[in-house]
Amino acid sequence: MDFHIVKKYLLFFLFSCCLSAALYSQKMTIVKGTVIDAQTKEPLLLVNIAFLGTAIGTSTDLDGSFVLESKWASDSVQISYLGYDTQTLPIVLGSRQELNVALSPSSINMATVEVTAKRGRYKRKGNPAVELMRNVIDHKNDNRLEALDFYEYHKYEKVQFDFNNFDPEKLSKKKVFKKFKFMLDYVDTSELNGKPYLPFFIQETSSKVYYRKDPESTKEYREGVKVTGMDEYVDNEDLTTMTEFLYQKINIYDDNVRLLDLPFMSPLSPLAITYYRFYITDTMAMVNDIPVIKVSFMPVNNQNIAFRGDLFITKDSSYAVIKADLGLTRQANVNFVQDLKLIQEFSNMSGVWALSKDKIVIDFAVLKKGLGIYGTREVTYFDHILNKPKDDSIYAGTENVIENDDTYKKDDTFWLAARPDTLTKEEQGIYEMIDTLQKVPTFRTLVDIGALLFTGYKAFGPVDIGPIGNFYSFNPVEGFRLKAGGETNLKFHPKINFGGYGAYGFKDKEFKYGIFAQYSFREDYKTNPKHYLKFSYQHDVSLVGLNLPFTSSDNFLLSIQRGTRDKYLFLDKYIGEYFLEGRNNLSWLFNYTNTRQRPIGGLVLNYDEITKEGDTITNSKPNLTTSEIAAQIRFAPNEQYVQGRNYRVPIFNRYPVFTLKLAAGVNGFLGGDQNYQKVSLGIFKRFYLSLFGTMKVDTEFGKIWGNGVPYFLLYLPIANQSYAYRSGAFNMMNYQEFVADEYGLIMIEHFLNGFIFNKIPLFRKLKLREVITYKMIYGRLTDRNNPNKTLGLIKFVEEGDPGQEKPITYTLEDKPYIEGSVGIANIFKIIRIDLLRRFTHLDHPEVPYLFGVKGLGIRVKASFEF
């Protein structure tokens, strides 16, 4: 996940910062041990172990071992297993202890109950549980709702977040919590693990869903969305996006399930037979008065990103799953999740089984002993209508989720009718508590401080000052650079946004500045999809070849870089921009840019010419001006994004993203002295590969027409000379090292999510993950734009001792540029370290090297991944 999304989550969970000083840490009770059969001495798996009188429990693994821990334990542990006598054993609270239990077969007649979940060598051949699951998988497409030609239903979804891992009694005695005591009136107890929790966020969504089998189309028309009143701090649409990111649509009848942006293999996948171990644990179970067979399962490797749990399967020839109760193994390579529970129930409708209830509960926490977040999502599906087609317009378009302009503005009358059940007193209280909380001055102060830390801006009425990350930076040309800026916020005007900055370099002693004005045609300039008109002017410097997305070039962290980076242009840039985005995620951008640029630092605009006498002399251009008209068309089906201060960060899905860019430099128009035409097509796709993780593939192809175009106006690949790894850049390439007017590139990043490391003991214990990357660009520079082939063109810069100068810019005709890396991710859950290898063009100057090996390097990246 991109770090800019992380900042949104951090702001959203800002309460944890506000309350952390008041937390009280109780002692943890930890019970470890094994459970065996008293007669055969074989370990028993899937035995239930729980603190007596609580909902806090676990079950044994393949070797009969278990770990049960909580701050809210009772003084006894209950061990139960079908076909065996239940045992209740005393424990010591607040300590670590070991219990090794031998269960005796029950004296009750169990002749009709088949139990196969015993330790021993697991075999697939001849295993009745495996044979049953093969039948379930073979029949799943007949049993699922999508077997019908058409269907529609109402969908009501409720998402709630709560704080947990705190002691209400101790918290109430803390002086710092004095002004927040009213919040304790809303504390409740979790049904997942018995922890006390404090609700702080609730979101309700009412939708109508339509499905057509051929051609396939699923449309969700959102009639209403209601979010806890935090819109002053976090945009409601962003909150909806983030909750959908955490809780994607889940159906165990699918082959793969995407949860927390991780690919989980469904127990009903054709590959599940080799990925999971299945056991029949009850043949007399009932679900909603329907006789079923209970099949328990767990992953072959407990470290894998996979489920464990129970499936309830009908005894008839349909082999339908009518209930699923899923969770995670305690060893699962999933970050920041202490516990997870997923329950799905299905109802029979005309011979198919439709999802009727869907509930998932996740216990989030950075540290086991720290403040946590308890998230619940409940979905009810009702009023099904089967095999009745609607008008084709209902299914038209590429957008899966359709919202109206009033989706977030529904009144209480709408919600009273939309809810299948009324809100509980506790749920209603969340809205009341948040309204009261926002009136507490201390809370607002804490939120302002948190906003400054996480967004970089401090609000002063209608103006936000920032970002603080750009206040100070340094580079070889400007030396120390100080910068101060700000912009208006929605309090100034919802449709109009002004901003600007001023900067000063202590080495070049030059003052720089920039201003912009924006008008939104939407309700306000933060509303998505966007539609705006923007004008800006910039009098500032720019490093040739530095073009990193979502990153400001004068960010302090970018000041620390390797190699030479003194080739700058001083720009006077005017931009007029019109942007239109539709709800189908098709966007259009039109802009006009007029830029006057003069070289500074180590950059010179030298060119050769022949005198009348036939001699070759070198002259320099003091500046040049471009007058460029450009357009961009971007199509990103069903894309979601989190809104940043100055840009949006996309949350990628399984659909490809297409970006077509067109540009033309017009000679003689408003001072322009360059003539060229550019076109490029970019295609991005993210692949979800189940047990093999995820893969991101980014490709781009482009061509530039023109005669004598200065090389730095052609295509310069995105290079990165910092020590931080950048996914969208060539990390072993130098700025302006290559130039092309025809090119094609591909970047592949494969996240294996522990597929290899989960099989290696030390790596498995540390929960490390593997990353493999491959990046290549190939192209050429035509003679008409190549200063080495055509006289009079601005020459490539050369560096070195007199008489031994070498160019720092090259073409790609001879061979492509290739680099790759292998990386270890999930170090301390957020750090990634890559070992990079540059495979080509090793004879160029300033190629990075490590351990005496040219083209070898190490880069580091911080990323937030579940």
Compute the length gained on full extension between Ile496 and Thr218: take 0.36 nm times their separation in residues and subtract their Cα-Cα distance, giving the result in nm to one decimal.
-> 96.4 nm
On a C-alpha basis, how far is the centre of the stretch 556-632 from the centre of the stretch 743-793 in Å? Whole number, if you could?
-> 27
Just the projected area, averaged over all directions, of the convex hull on the alpha carbon atoms of the stretch 563-633: how many nm²?
-> 8.2
Over the Cα atoms of the stretch 621-746 the radius of gyration and the largest Cα-Cα distance (Dmax), both in Å, equal 17.5, 58
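I need the peptides 583-589, 390-396 ranked by packing, meaning the mean over residues of other C-beta atoms within 10 angstrom, with the highest value on top.
On the way: 583-589: 16.1, 390-396: 11.6.
Top to bottom by mean Cβ count within 10 Å: 583-589, 390-396.
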Give, in nm to one decimal, the length gained when the segment between Glu799 and Lys170 is fully stretched (0.36 nm per residue of separation minus the Cα-Cα distance).
-> 219.7 nm
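Pull out the extension gain between Asp391 and Thr436, defined as 0.36 nm times the separation in residues minus the alpha carbon to alpha carbon distance; nm, one decimal. Can you show the working numbers first?
Details: separation 45, 0.36 × 45 = 16.20 nm, distance 4.65 nm.
Computed gain between Asp391 and Thr436 is 11.5 nm.
How would Arg686, Arg377, Arg654 line up from fewest to most surrounding beta-carbon atoms within 10 angstrom? If you can, show how the numbers build up before the last one.
Working: Arg686 16, Arg377 21, Arg654 13.
By the 10 Å Cβ count, ascending, the order reads Arg654, Arg686, Arg377.
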Can you flag which of Lys573/Lys795; Lys71/Lys123; Lys249/Lys315; Lys32/Lys155; Lys495/Lys678; Lys173/Lys861 are past 31 Å Cα-Cα?
-> Lys71/Lys123; Lys32/Lys155; Lys495/Lys678; Lys173/Lys861
For the stretch 675-866, what value does the Rg/Rh ratio take when both radii are computed over Cα atoms and Rh is the Kirkwood radius, given to two decimals?
-> 1.05
Could you line up Ile402, Ile252 from fewest to most neighbouring Cβ atoms inside 10 Å?
-> Ile402, Ile252
Approximate spin-label separation Tyr574-Asn251, in nm, with each point projected 7 Å along Cα-to-Cβ | 5.6
On a C-alpha basis, how far is the centre of the stretch 317-340 from the centre of the stretch 816-857 in Å? Whole number, if you could?
-> 38
Of the listed pairs Lys158/Lys410; Lys509/Lys534; Lys219/Lys685; Lys27/Lys765; Lys208/Lys357; Lys140/Lys685, which have alpha-carbon separations greater than 19 Å here?
-> Lys509/Lys534; Lys219/Lys685; Lys27/Lys765; Lys140/Lys685
Once Rh is set to the Kirkwood radius over Cα pairs, what Stokes-Einstein translational diffusion coefficient, in µm²/s, holds for the stretch 781-827 at a temperature of 37 °C and a viscosity of 0.692 mPa s?
-> 235
For a footprinting-style exposure proxy, rank Val447, Val401, Val321 by other Cβ within 10 Å, fewest first.
-> Val401, Val447, Val321
In Å and whole numbers, how far do the C-alpha atoms of the chain stretch along each principal axis, longest first?
-> 114, 61, 58
Sort 418-425, 832-839, 274-281, 210-217 for me by packing, meaning the mean count of neighbouring Cβ atoms within 10 Å per residue, highest on top.
-> 274-281, 832-839, 210-217, 418-425
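Readers should treat all values here as calculations from the given coordinates under stated rules, not as data from a laboratory. Please read all numbers here as calculations on a predicted model, not as lab measurements. Every residue, glycine as well, gets a Cβ built from its backbone with ideal geometry; the counts of neighbours run over all protein chains shown.
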